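To start, the structure itself, in C-alpha cells.
The values are calculated or read from the model by the stated rules, or taken from the named source; none is laboratory data. It should be emphasised that the depicted structure is a prediction, and the values quoted were computed from it without experimental measurement. As a convention, Cβ positions derive from the backbone with ideal geometry for all residues, glycine included, and neighbour counts pool all protein chains shown.
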Amino acid sequence: MAIVVNRFAVPDVGVGPGPFPSPGWVAGTIASLSRLGLTAGTSADQVVLLGSATGTDPIDASNPNRLGGFAGNEGSKAPILTHASACPFYAVLRYAPSPSEGPPTVGMSFELQGS
C-alpha cells in the first residue's frame, strides 16, 4: 500500500466572526498529520479538523464529526486526532481570534500522510 502525502492549506481568517471553512472536502485516509508553513504561532491560530464519510457533510460549525484541533501556541505539536483513519474525507475550519490573542498567522498548512 503506497503512502500518499498531501499538503492541505488552512484558510486564512477573513472578515467577520467565522469560522472560515476550507474550500471543499479532500479525499484520503489520514495516517499521520504534521503542521507546516507556520514558524511562530499564538493561541490566535485555532483550527479544527473535520471528517466526513461521504464528502457531502457541511464544512461548518454544525458538523459534529470533529477529528481534532490545533492552537498555534502548542509549538511544533500536530493536532491530536480522534478516529481520523475512519474518515475518507477531511476539511478544516479556521476560527478568528479574540482581539486579546493577537493576529492570526497566515499561510498555515498541514501535511497529511495516508494511503
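Being polar (S, T, N, Q) and surrounded by 14 or more Cβ atoms within 10 Å (Cβ to Cβ) is the filter here, so list the residues in region 87-107 that pass it. Passing the criteria: only THR105.
Give ALA9, ALA27, ALA40, ALA2 a once-over and let me know the one that is in contact with a Pro (Cβ under 7 Å, 6 or more places away or on another chain), surrounded by fewer than 15 Cβ atoms within 10 Å (Cβ to Cβ) and at pLDDT below 85. Break it down into steps so the answer makes sense when it comes.
Values: ALA9 fails: in contact with a Pro (Cβ under 7 Å, 6 or more places away or on another chain); ALA40 fails: in contact with a Pro (Cβ under 7 Å, 6 or more places away or on another chain); ALA2 fails: in contact with a Pro (Cβ under 7 Å, 6 or more places away or on another chain).
Unique residue meeting the criteria: ALA27.
Checked against (1) at pLDDT below 85; (2) under 11 Å from the mean Cα position of the chain (by Cα), LEU50 passes all but condition (1).
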